[in-house]
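Q: Mind looking over this structure? Questions follow.
Readers should treat all values here as calculations from the given coordinates under stated rules, not as data from a laboratory. Since the structure is predicted, the reported quantities are computational estimates derived from the model, not experimental observations. As a convention, Cβ positions derive from the backbone with ideal geometry for all residues, glycine included, and neighbour counts pool all protein chains shown.
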Amino acid sequence: MNLLWLIPAFPIAGFLFLALAGTRLSRRAVSIVGAGSVGLSALVSLWIAGQFFVSPPAGYAYTQTIWNWLDVGSLHLPIAFYLDPLSLIMTLVVTCVGFLIHVYSAGYMSEDEDISRFFAYMNLFVASMVTLLLASNLVLLLLGWEGVGLCSYLLIGFWYRDPANGYAGRKAFIVTRVGDTSMLIGLFLLYRHLGTLDIQTLMARAAHQWPVGSPLAVAAGLLLLGGAVGKSAQLPLQTWLPDAMAGPTPTSALIHAATMVTAGVYLIARMHVIYQLAPSAQFTVGVVGAATLTLAGFSALTQPDIKRALAYSTVSQIGYMFLALGVGAWSAAIFHFMTHAFFKALLFLGAGMIIESLHHEQNMFKMGGLRKELPVVFWTFLIAGCALAGVPLVTAGFYSKGLIVWQAEASSAGRWGFWLVAVFGVFLTSAYTFRIIFLTFFGEAKSHVHKRPGLAMTVPCIVLAVLSLVGGFVKTPEFLGNIHLFTDFLHHALPPVAVAHARAMSELASEGWVTLALIVGFAVAYFCYIERPEFTASLTRSALGNALHRFWKSDWGMDWLYDRLLVWPVMWFARVDAGDAVDSIYTGIARLCEWFYQGVRRTETGQIRWYAAAIAFGTLIFVAVVLFL
């Protein structure tokens, strides 16, 4: 356990080394340092996990204090890391999946001229996320929180020579700052009324001082939710994530699978006591998740760009995690986080290999027939797609998503409405997932494969494919072995879900409806894109079909709405305010400097005798001032 500090230390060291000396290294050396530093972090995580499982610390929690950061009055903020089952599982996923993405990046970015800058940013990204997860206090968590926000901006706009990429990076930074501001206000509120920012102490005081339904708990929960929806791209702050596809594909995989968008899920799970004290705030979390998973599912159905379709898929799947948190299914949310990290990382890495093999083509309607040309990509992508859709029995997504769907109704905070939305979300997920697979790998080939991925790119995908299959067997329903290894371990950090047995349907019945929804979604996708593609084309040509298609494709008009509600008024005010009196003061100073410069410039004649005379005259004046004044 004493090696805990090395988990963030290795990627930080990799970042510093690459930032200072990366341009002097060969591409191979840069890749070794970049991937190796995260690999060492993953090894330390696995070693600590082994120790934790074999000989858990007292209370299943361990705190390591590095040094005192700030100690002013009653505010005591150490640099300290807190390890419990929640932070351990998430750290394992971040470091191990992050390592596989870094190995893949060594092949994907091998010809990029800025590879050292890329790996430096990626290392800092992992270090920031791990700091966020292991932080023992909310200020250190905030440091990691802002770190992942900075790295997302740097990596989304990595190819900054294209103005569109820079715009996408700025959009991600600005939109998430809205949520960050809400979260910061929440931290002020918590410290003002509870007198501490140490997470465990804060939750103990909240449980002791605040009754259930306390307005302070509700306010804190809603403010923290504001931060969570920003980082995790949930309604109404989800608009930045699809545009984040402007960055390199490994960046997309890291953002969507292991870092950034899962930070909000972790924040709510870590602060679960606050939400237990604020049922209305917790219900709001569920509503946000239910609405987001539905809206994003429709948007994913209409995207021609393979990466944007997967981006909306991520928004939808994070919505499932928020829905689970909103009904008190804390362990189910983290379970889906883990399985989602496996198959979503694999989907993005597979998409990267497809895009690179087709000379950077991202339009799925210009692909097709790739299952024979890229067999390894096809089979690994198919496995990940089946896990995302939740194909029964053999995929990890079936077990994690099925658990959320059942507990959306079966928990004491569950509702039939949540269950219906979750089942409908399964239908949407199945439809858009198999739409991607059919358009990309089946039918007539529309583009020529000019490059095939190497081992550095295929091996991580194979590993993730295996995890996407077996990763769900740590928690199975009662009718399939009743294994509870994952949830039993997490219950040492998170409360178990309270099942309302009097009104709950059986888990088997729920899984039956989930499977039916999946089959219907598959059938719709098969009919529309394999059996009768002309039907789909005619449908989108109709007035209503075309309007809905454009509306869903544009993220339900959210960017249009924000432009008119927020951006345009600010720009109008800036134009009106451009000539105010305050500006006149600074304009006058600038004009005075310009006038002075023009006067001094005329003394530059190029005639040496005038320069010598000026020096002599100035010397005489200086001597006179010294002698007579």
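Q: How much of the calculated P(r) for the chain lies past 50 Å, in percent of all Cα pairs?
A: Beyond 50 Å sits 17 percent of the P(r) for the chain.
Q: Stretched out fully, how many nm does the piece from residue 488 to residue 537 gain, at 0.36 nm a residue minus the Cα gap?
A: 12.7 nm
Q: Give me 266, 320 sorted ascending by neighbouring Cβ count inside 10 Å, so fewest comes first. Write out the running numbers ahead of the final one.
A: Working: 266 25, 320 28.
Fewest-to-most Cβ neighbours within 10 Å comes out as 266, 320.
Q: Something else about it: Using only the alpha carbons, work out the radius of gyration and Dmax of region 507-629 in angstrom.
A: Rg then Dmax for region 507-629, in Å: 37.6, 104.
Q: Computed FRET efficiency, Cβ-Cβ of residue 66 and residue 193, R0 35 Å: what is it to the nearest 0.05?
A: E between residue 66 and residue 193, to the nearest 0.05, is 0.80.
Q: Now for a separate question. In the structure displayed, which of 344/401; 231/366; 171/307 lie more than 24 Å apart, Cα to Cα?
A: Pairs exceeding 24 Å: 231/366.
Q: Set the Förster radius R0 to 51 Å, insert the Cβ-Cβ distance between residue 16 and residue 628 as r into 1/(1 + (r/R0)^6), and round the FRET efficiency to 0.05.
A: Once the sixth-power term is evaluated, E becomes 0.30.
Q: If I model a spin label at residue 551 and residue 587 as a point 7 Å from the Cα along the Cα→Cβ vector, what separation in nanometres do I get?
A: Roughly 4.6 nm, to one decimal.
Q: Separate question: Counting other beta carbons within 10 Å of each Cβ, put 60, 432 in order, fewest first.
A: 60, 432
Q: Efficiency by 1/(1 + (r/R0)^6): what FRET value for residue 27 and residue 164, r their Cβ-Cβ distance, R0 = 25 Å, to the nearest 0.05? Mind dumping the intermediate values first?
A: Working: r = 27 Å, r/R0 = 1.06.
In this case the efficiency is close to 0.40.
Q: Next question, about the same structure. Over region 103-253, what number does the Rg to Rh ratio reach, with both radii from the alpha-carbon atoms and Rh per Kirkwood?
A: 1.07
Q: Right, another one. Sort 494, 223, 143 by Cβ crowding within 10 Å, fewest neighbours at the top.
A: Working: 494 20, 223 23, 143 16.
In order of increasing Cβ crowding within 10 Å: 143, 494, 223.
Q: Which of the GluC sites (Glu not before Pro) found in region 104-147 are in a DSSP loop and have at most 14 neighbouring Cβ atoms, other than their own, within 10 Å?
A: For GluC sites (Glu not before Pro) across region 104-147 that sit outside H, G, I, E and B with at most 14 neighbouring Cβ atoms in 10 Å, the list reads 111, 113.
Q: From the phi angles alone, apply the Karplus equation (6.51, -1.76, 1.60; θ = phi - 60°) to region 116-127 and give each ³J(HN,Hα) in whole Hz, x where the residue is Gly or Pro.
A: Computed from phi, the couplings for region 116-127 are 5, 5, 4, 5, 4, 4, 5, 5, 5, 4, 5, 4 Hz.
Q: Grab the Cα-Cα distance for residue 366 and residue 568, subtract it from 0.36 nm times how many residues apart they are, and report the gain in nm with one decimal.
A: Extra length available between residue 366 and residue 568 comes to 69.1 nm.
Q: Using only helices, what value at 222 nm comes out for the chain when you add -39,500 (n - 2.57) per DSSP H run of length 4 or more and divide by the total residues, to the nearest 500 deg cm²/dmol?
A: So the helix-based figure for the chain works out to -23000 deg cm²/dmol.
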